[in-house]
Amino acid sequence: MSDLRPIQKFRHRHLLGIEGLSAADIVTLLDMAEDAIEVSRQIEKKRATLRGRTLINLFFEASTRTQSSFELAGKRLGADVMNMSVAMSSVKKGETLIDTAVTLNAMRPDIIVVRHAQAGAVHLLAKKIDCAVVNAGDGAHEHPTQALLDALTIRRNKGRIEGLTVTICGDILHSRVARSNILLLSTLGAHVRAVGPSTLMPVGIERMGVEVCRDMKSALKDADIVMMLRLQRERMSGAFVPSSREYFRSFGLDAEKLGYADKDALVMHPGPMNRGVEIDSSIADGPQSLIREQVEMGVAVRMAVLAALAEHLPNG
Amino acid sequence: MQTPSTPAIAHQPLALINGRLVDPATGKETRGGVLVVDGVIRDLGAAVVSAMLPSHARAIDCAGDVVAPGLIDMCAFVGEPGAEHRETIATATAAAAAGGVTTILARPDTNPPIDEPAVVDFLLRRARDTGHVRVLPVAALTKRLEGSEIAEIGLLQEAGAVAFSDAAKSLRNAQVMRRVMAYARDFDALVIHHAEDPDLAAEGVMNEGELATRLGLTGIPREAEAIVLDRDIRLVALTGTRYHAGLISTKMSLDAIRAAKKAGLPITCATSINHLTLNENDIGDYRTFLKLAPPLRAEDERRALVTALAEGLIDVIVSDHNPQDVDTKRLPFAEAEYGAIGLETMLSAGLRLVHSGEVKLPRLLAAMSSCPAEILGLPQGRLAVGAPADLIRFDPDEPYVLDPTRLHSRSKNTPFDEAKMQGRVKLTMVAGQVVWEG
């Protein structure tokens with residue numbers, strides 16, 4: 001293949017979230033990502049899909065892996081990539097967002113990839129600029145490319161998503177990864193469970209089609225996929241959870257707890273990991289872990305997303 | 001755009017004839033007219049027809065439109081002093097006049113706050129010089145609205161404050177609240193309180209529930225309101241103070257108010273026009289104009305508020321007019337300011353409830369005029385001989401689409417942006433002087 005093209009029409013101008021995507025949209029992106037994996041595994045990794053296009057990575061929140069993953073994806077598709085990290089501390093919040101949007105818009109980029117600490121910030125920005133916008137994480141709202149790469153990883157290892165039991169463990173309350181995954185996996189027909197301390201479980205999450213569990217034993221019973229979430233250290237000193245050791249005792253994934261799951265269960269983590277807090281090293285590096293593969297899938301999925309949005313760019 | 005005029009003393013007798021007179025205080029409707037002489041209602045009823053008017057009187061034919069007392073809004077932010085870029089008394093009262101509001105209670109959370117008799121005096125003088133309708137200051141309950149030291153309730157009342165409140169700030173400390181209430185009782189002062197536990201509400205920016213979870217926004221539980229209201233009700237029982245819950249938004253609060261009233265406590269309550277006509281779903285795609293304090297709740301809560309209004313359990317509807325400039329609203333939802341303007345649209349929005357058959361027109365008007373008047377001890381807000389001639393004429397059915405650029409407020413943060421409305425004010429009169437003809 002010379003170019004990455006959607007097999008079916010992808011009708012969205014932006015990728016702001018999984019919300020609003022149909023099952024067909026998601027499958028289109030996953031199928032394109034399969035092609036992108038092949039591209040990335042060749043010696044000649046460059047394609048011309050985005051040749052002459054400008055991609056801006058606009059990160060209001062620090063991120064190593066997501067930003068570099070988008071950068072690589074853009075470069076492999078032939079785009080010129082510019083990385084902008086905007087420090088939030090020095091400038092008054094908010095002003096930066098709109099001001100930066102207007103400034104960047106004047107530079108006539110084709111695609112902007114945005115991460116911001118506030119839910120809805122990427123939507124707001126998308127209203128202010130003319131080019132395609134990709135949400136690389138907005139507050140506790142959505143992180144659609146993470147959910148897509150997780151789905152791709154699952155599909156490649158299990159051959160399907162429909163009918164699988166996927167358990168998401170940990171800090172659901174603050175997690176955009178959890179929300180996007182819940183939306184995506186339930187759209188594709190998986191059975192999704194959520195487990196974590198009640199202080200980190202958002203109110204009404206069961207109405208998103210999730211089975212909420214109180215302990216790891218019931219949550220992991222017969223699970224096909226165990227998806228661990230990162231728990232930030234500042235939330236483990238009494239505000240939400242009394243201590244990291246108590247958290248690990250209840251919800252940290254070790255061999256014993258993984259034993260509750262299906263014997264072929266696979267383990268995932270969006271990274272970066274707190275080893276010994278939410279996941280034991282022997283599990284993270286063990287044979288059931290897909291964590292390294294997730295990173296490779298990240299680049300492929302982002303290539304697919306960028307290529308799909310390129311269909312709608314002017315003169316595309 | 002039309003600009004309302006400033007009221008002065010009206011010498012020429014004036015009559016509104018051929019109207020549908022609605023007296024919210026009694027619920028009575030009659031066909032007829034109202035004769036106004038020297039700023040007060042001289043005569044009213046079926047006998048007021050053009051033939052019997054004094055020869056030099058000006059007669060306005062109302063063509064069957066509703067004639068009712070001007071509205072009294074118990075909660076509006078007027079911008080002065082300190083936030084003139086958002087609103088001034090001139091622009092707020094222009095919006096009020098166009099919306100049929102003839103008396104505004106001005107919130108004390110200005111800069112400086114209304115916690116000094118001199119600021120009360122400033123506000124009254126500014127209102128006299130630049131206002132189109134009556135403006136009455138609400139003074140602070142605690143100094144600097146900090147919730148720790150009792151404000152000079154006696155001196156502030158003497159200067160002209162009609163009620164006491166810390167605006168959108170809720171008193172955290174029960175001991176301070178008890179003392180404020182006990183002290184206010186000595187002056188028979190009305191305590192207006194925004195009941196919301198600041199610790200439980202914490203970083204919350206919208207109603208807690210499925211929608212907040214989907215949007216990834218931090219929720220404010222309904223209990224944050226109920227817990228403080230429950231505490232306050234017990235302190236009212238302890239102190240005997242006249243207490244007005246400034247803006248309630250939940251069924252739990254309604255239950256608490258119902259029980260308190262049944263027990264004979266001197267408690268009244270208000271909700272806002274927004275909470276009666278909008279719900280959390282209107283936030284949609286992070287619309288910051290719908291970011292309000294307390295937050296818009298779920299539809300079943302809204303419906304309970306409407307029922308409570310119809311029953312009279314909710315005494316008062318406020319506009320909760322809170323002008324915000326674009327810079328503080330064009331931000332990510334969590335960072336945006338709270339508040340929406342409402343003076344000019346309060347009546348039209350309220351009429352939705354009348355058109356849907358949920359609330360009778362006299363009851364709606366009572367919650368915006370005679371009930372606030374009674375709570376505040378004001379002579380206006382009723383159709384009665386001898387009452388101040390603060391009157392409005394409106395066609396409750398006239399449809400229009402709200403164009404925010406035509407609103408008189410200096411800020412345009414209306415939640416009814418481009419909404420279909422029904423019912424428009426055609427004339428507003430303050431003390432017998434016509435301040436608005438639309």
> Since residue B:296 meets every condition but one in (1) farther than 16 Å from residue B:207 by Cα; (2) not in a helix (DSSP H, G or I), which condition does it not meet?
Replying inline: (1)
>> Please go through the range A:270-316 and give me each residue that is open to solvent by 40 Å² or more (accessible area, probe 1.4 Å) and assigned to a helix (DSSP H, G or I), ordered by number.
In response: A:281, A:282, A:292, A:293, A:295, A:296
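Rundown of residues vs (1) outside any helix (DSSP H, G or I); (2) within 20 Å of residue B:96 (Cβ to Cβ); (3) more than 17 Å from the chain's Cα centre (by Cα), yes/no style:
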site	(1), (2), (3)
B:354	no, no, yes
B:382	yes, yes, no
B:396	yes, yes, yes
B:405	no, yes, yes
B:423	yes, yes, yes
> Among the candidates B:181, B:177, B:206, which residue alone is buried (at least 20 other Cβ atoms within 10 Å of the Cβ) and within 14 Å of another protein chain (Cβ to nearest Cβ)?
Replying inline: B:206
> Picking from B:71, B:35, B:124, which residue would you name as being touching a residue at least 60 places away in the same chain (Cβ under 8 Å) and either touching a Leu at 6+ places or on another chain (Cβ under 9 Å) or within 21 Å of residue B:152 (Cβ to Cβ) (or both)?
Replying inline: B:71
>> Looking at the range A:6-25, I want the residues that are within 14 Å of another protein chain (Cβ to nearest Cβ) and have a partner that is open to solvent by 40 Å² or more (accessible area, probe 1.4 Å) with Cβ atoms under 8 Å, at least 6 apart or on another chain. Which pairs are those?
In response: A:18/A:187; A:19/B:214
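Just name the residue that is surrounded by the fewest Cβ atoms within 10 Å (Cβ to Cβ) out of those in the range A:209-218 that are part of a helix (DSSP H, G or I) and touching a Lys or Arg at 6+ places or on another chain (Cβ under 8 Å). Talk me through it step by step, then tell me what you get.
The initial filter retains those residues of the range A:209-218 that are part of a helix (DSSP H, G or I), namely A:216-218.
Narrowing further to those that are touching a Lys or Arg at 6+ places or on another chain (Cβ under 8 Å): A:216-217.
Numbers: A:216: 24, A:217: 13.
Of everything passing the filter in the range A:209-218, A:217 is surrounded by the fewest Cβ atoms within 10 Å (Cβ to Cβ).
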> Which ones in the range A:97-145 are polar (S, T, N, Q), open to solvent by less than 10 Å² (accessible area, probe 1.4 Å) and either farther than 25 Å from residue A:171 by Cβ or in a strand (DSSP E or B) (or both)?
Replying inline: A:135
>> Within the range B:112-133, take every residue that is more than 21 Å from the chain's Cα centre (by Cα) and open to solvent by 40 Å² or more (accessible area, probe 1.4 Å) and give me the one that is farthest from residue B:163 (Cα to Cα).
In response: B:129
> Can we say residue B:336 is without any contact (Cβ under 8 Å) to a residue 60 or more places away in the chain, farther than 23 Å from residue B:401 by Cβ, surrounded by 23 or more Cβ atoms within 10 Å (Cβ to Cβ) and more than 20 Å from the chain's Cα centre (by Cα)?
Replying inline: yes
> Of these, B:200, B:235, which one is open to solvent by 70 Å² or more (accessible area, probe 1.4 Å) and of a type outside the set (Asp, Glu)?
Replying inline: B:200
>> Looking only at the range B:209-228, count every residue that is more than 14 Å from chain A (Cβ to nearest Cβ) and either at pLDDT below 95 or open to solvent by 70 Å² or more (accessible area, probe 1.4 Å) (or both) and tell me the total.
In response: 1
> Failed condition for residue B:381, given (1) out of contact with any Lys or Arg (no Cβ under 9 Å at 6 or more places or on another chain); (2) surrounded by fewer than 24 Cβ atoms within 10 Å (Cβ to Cβ); (3) in contact (Cβ under 8 Å) with a residue 24 or more places away in the chain, with all others met?
Replying inline: (2)
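Touching a Gly at 6+ places or on another chain (Cβ under 7 Å), among the hydrophobic types (A, V, I, L, M, F, W, C) and buried (at least 20 other Cβ atoms within 10 Å of the Cβ): which single residue out of A:29, A:55 fits that description? Reasoning before the result, please.
Numbers: A:29 fails: touching a Gly at 6+ places or on another chain (Cβ under 7 Å).
On inspection, the qualifying residue turns out to be A:55.
Can you find, within the range A:186-208, the residue that is nearest to residue B:209 (Cα to Cα) among those that are open to solvent by less than 40 Å² (accessible area, probe 1.4 Å) and at the interface with chain B (Cβ under 9 Å from one of its Cβ atoms)? I'd like the intermediate steps shown before the answer.
First, the residues of the range A:186-208 that are open to solvent by less than 40 Å² (accessible area, probe 1.4 Å): A:188-190, A:192-197, A:200-202, A:204-205, A:208.
Pick out the ones that are also at the interface with chain B (Cβ under 9 Å from one of its Cβ atoms) and you get A:202, A:204-205, A:208.
Numbers: A:202: 8, A:204: 5, A:205: 8, A:208: 11 Å.
The selected residue is A:204.
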> What tally of residues in the range B:386-438 results from selecting those that are open to solvent by less than 40 Å² (accessible area, probe 1.4 Å) and of a type in the set (D, E, K, R)?
Replying inline: 3
> What are the residues in the range B:274-292 that are touching a residue at least 24 places away in the same chain (Cβ under 8 Å), open to solvent by less than 30 Å² (accessible area, probe 1.4 Å) and either away from every other protein chain (no Cβ under 14 Å) or out of contact with any Pro (no Cβ under 6 Å at 6 or more places or on another chain) (or both), if any?
Replying inline: B:274, B:275, B:276, B:277, B:278, B:280, B:283, B:286, B:288, B:291, B:292
> Looking at the range B:158-174, which of its residues are closer than 23 Å to residue B:249 by Cβ, of a type in the set (A, V, I, L, M, F, W, C) and open to solvent by 10 Å² or more (accessible area, probe 1.4 Å)?
Replying inline: B:167, B:168, B:174
> Filtering the range B:293-330 down to residues that are more than 16 Å from residue B:276 (Cβ to Cβ), within 14 Å of chain A (Cβ to nearest Cβ) and open to solvent by less than 20 Å² (accessible area, probe 1.4 Å), which residue is farthest from the chain's Cα centre (by Cα)?
Replying inline: B:329
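The values are calculated or read from the model by the stated rules, or taken from the named source; none is laboratory data. Quick caveat: nothing in here was measured; it's all calculated off a predicted structure. Note that each Cβ is placed from the backbone with ideal geometry, even for glycine, and that neighbours are counted across all protein chains shown. Accessible surface is based on the protein model in full, side chains and every heavy atom, while ligands, DNA and RNA are left aside. Shrake-Rupley method; radii C 1.70, N 1.55, O 1.52, S 1.80 Å.
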